[in-house]
1. Being touching a Pro at 6+ places or on another chain (Cβ under 7 Å) and among the basic types (Lys, Arg) is the filter here, so list the residues in region 341-387 that pass it.
2. Restricting to region 411-431, what's the tally of residues that are part of a helix (DSSP H, G or I) and over 36 Å from the mean Cα position of the chain (by Cα)?
3. Residues in region 105-120: is at least one crowded, with 16+ Cβ neighbours inside 10 Å, within 33 Å of the chain's Cα centre (by Cα) and more than 10 Å from the ligand (Cβ to nearest atom)?
4. Only one residue in Val364, Val404, Val392 is modelled with pLDDT under 80, closer than 24 Å to Gln429 by Cα and of a type outside the set (Phe, Trp, Tyr). Which one?
5. For region 138-168, which positions are surrounded by fewer than 19 Cβ atoms within 10 Å (Cβ to Cβ) and away from the ligand (no atom under 16 Å from the Cβ)?
6. Could you give me the residue pairs with C-beta distances under 7 Å whose first residue belongs to region 152-181 and is free of Cβ contacts under 8 Å to residues at least 40 places away in the same chain, whose second residue is within 16 Å of the ligand (Cβ to nearest atom) wherever it lies, and which are 6+ apart or on separate chains?
7. Looking at (1) over 31 Å from the mean Cα position of the chain (by Cα); (2) on the phi > 0 side of the Ramachandran plot; (3) not hydroxyl-bearing (Ser, Thr, Tyr), can you tell me which one Asp350 breaks?
Amino acid sequence: MARPALAQQLFNQMMALFHEGDLSPLPHRVFDAHQVIDAFRTMQQAKHIGKLVVNMQTVQPPVSQPVHARLVLSGNGTWLVTGGVAGFGLETARWLTSRGVRHLVLVSRRGMHTPGAAQLLAEFAAQGVQADISACDVADESAVQALLHRIGASMPPLEGIVHAAMVLDDALMAQLTADRYANVLRPKAGGALVLHQLTQHLPLKYFILYSSVTTLIGNAGQANYVAANALLENLAQHRRAQGLPALCVGWGPIDDAGYLTRHQAVKDSLAARLGAAALKTQDALHMLEILLLHDVGVATVADFDWATLARLLPSSNEPRFESLRRHVGQAGQAGNADDFASRIAGKTPDEVQSMVYQLVREQVAQILCSMPDKINPGQPLHDMGLDSLMGVELALALEKSTGVRLPAMLLNEGPTVEKLVARIVEKLQTGEAASAQPSLGELVSQVVAQHGEHLSNEELAQTVQAVAQHITQEGRV
Ligand SMILES: NC(=O)c1ccc[n+]([C@@H]2O[C@H](COP(=O)([O-])OP(=O)(O)OC[C@H]3O[C@@H](n4cnc5c(N)ncnc54)[C@H](OP(=O)(O)O)[C@@H]3O)[C@@H](O)[C@H]2O)c1
């Protein structure tokens with residue numbers, strides 16, 4: 001800045017005029033930083049009046065980013081871990097001690113009758129940790145009340161609870177009786193409610209509930225488990241609305257502790273469905289640390305490949321997965337070209353036609369922020385509001401999904417969904433896949449040639465940046 005003092009003086013004068021109401025801001029719409037893609041999309045579709053503002057103050061560090069801060073827990077409080085004598089609950093208890101906890105109460109129905117319980121006491125004692133292992137049915141209100149009285153009388157104040165107790169009783173819905181629902185709901189949901197009700201008056205700092213990724217994606221044969229976990233997520237939200245601490249984590253499959261270590265076939269089928277291996281306990285607990293550090297209320301922590309999962313997930317096109325679809329840069333069932341080639345292998349021409357049709361409609365819908373069934377296959381894309389920049393995006397997305405190269409400026413040819421489908425199917429049949437990629441410069445100059453004279457310098461720069469960003473995300477430069 002050449003004259004900082006003058007700039008500061010002018011800026012101060014201007015702000016004073018704003019405060020006095022002599023000046024008012026231009027019409028504008030504010031997007032949180034995590035909605036920046038929506039902001040560009042709005043600008044791209046010319047839906048805005050005035051300015052679009054991206055508010056950087058609302059930026060939350062994405063939880064997927066590594067965070068180097070370490071959670072420090074007090075050694076002067078007691079933690080209660082239900083289901084904490086074995087499995088993932090026990091691993092969580094061990095992790096708590098690595099973060100400073102020195103007083104643990106681990107409960108399960110078997111308590112000290114759990115194999116290895118005596119060794120556990122010795123293990124914790126050797127670390128200077130006071131551990132109590134008790135038999136307590138967490139859904140039994142009077143048993144939990146008695147446990148809390150005992151903790152109150154003999155241990156430091158209760159500071160945190162991890163509710164990891166669970167029982168599974170899987171069956172397809174037709175076979176699920178009231179008893180089979182109760183078997184699963186009682187320890188998980190019933191136990192969570194008992195803990196919530198009996199500790200509301202205590203100054204707890206942490207109340208952690210273990211749920212499952214299946215609450216998000218469903219799982220045939222686990223309606224009772226999903227229902228129980230759904231209650232946990234709602235309880236966490238309810239508690240936070242009341243100003244009480246709560247975190248509910250929907251875990252993906254855990255590889256090296258708990259239920260799946262006893263059920264390899266279930267682990268394998270979950271891995272196939274999710275397209276990724278189960279989580280290692282230490283990685284899961286690292287994510288727990290990040291969630292606690294950021295005071296997150298409800299989260300899902302799971303490794304999966306969206307293209308694989310989406311293929312088997314009937315709800316993959318629902319709005320609740322919209323941000324995920326965008327984040328991953330894929331539309332609904334779209335995968336990569338190899339994936340698509342394997343899906344169409346052996347299919348009849350009609351079946352291929354219908355798969356391509358579905359894919360094109362989904363991609364167009366995603367770019368237009370609409371639903372696939374709202375896309376009229378006979379209407380020119382241009383008339384639906386797809387401009388040339390969106391056309392570039394569509395061509396790239398379809399090329400990536402099918403391997404068929406389409407002209408980056410395909411809108412110039414006035415296509416409809418039907419024409420696009422016919423073109424892709426024809427190229428798939430003749431085996432003509434993507435060849436040389438158009439360069440970034442080529443794409444940008446095409447867009448500039450088409451739009452340049454209608455855009456301000458600022459808009460032009462943003463457009464070029466958006467194309468570059470998109471292409472970079474797609475791994476094209
Ligand atoms: N393991 C995974 O892959 C996975 C994935 C997603 C979510 N999770 C969640 O993580 C938590 C732990 O899973 P896990 O795999 O470690 O399960 P697990 O090995 O089956 O352990 C569950 C524990 O809960 C105890 N328990 C059952 N009913 C109880 C009750 N009424 N009162 C007190 N304790 C009770 C059991 O001990 P007793 O039989 O002695 O009572 C057992 O030690 C669960 O909440 C689960 O939903 C796990």
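1. The one that is touching a Pro at 6+ places or on another chain (Cβ under 7 Å) and among the basic types (Lys, Arg): Arg361.
2. Applying the first criterion (part of a helix (DSSP H, G or I)) to region 411-431 yields 411-413, 417-429.
With the extra rule that they be over 36 Å from the mean Cα position of the chain (by Cα), the set shrinks to 412-413, 426, 429.
Final tally of qualifying residues: 4.
3. Yes, the conditions are met somewhere in region 105-120.
4. Values: Val364 fails: modelled with pLDDT under 80; Val404 fails: modelled with pLDDT under 80.
Of the residues listed, the single one that is modelled with pLDDT under 80, closer than 24 Å to Gln429 by Cα and of a type outside the set (Phe, Trp, Tyr) is Val392.
5. Result: His149, Gly152, Ala153, Ser154, Met155, Pro156, Pro157.
6. Val167/Asn183; Val167/Val184; Val167/Pro187
7. If we test Asp350 against (1) over 31 Å from the mean Cα position of the chain (by Cα); (2) on the phi > 0 side of the Ramachandran plot; (3) not hydroxyl-bearing (Ser, Thr, Tyr), just (2) comes out false.
Per-residue answers, yes or no, for (1) under 17 Å from the mean Cα position of the chain (by Cα); (2) not hydrophobic (A, V, I, L, M, F, W, C):
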{"residue": "Thr199", "(1), (2)": "no, yes"}
{"residue": "Leu204", "(1), (2)": "no, no"}
{"residue": "Val249", "(1), (2)": "yes, no"}
{"residue": "Leu274", "(1), (2)": "yes, no"}
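The values are calculated or read from the model by the stated rules, or taken from the named source; none is laboratory data. On a predicted model such as this, the values are computed, not experimentally measured, just so you know. Backbone-built Cβ (ideal geometry, glycine too); neighbour counts: all protein chains shown.
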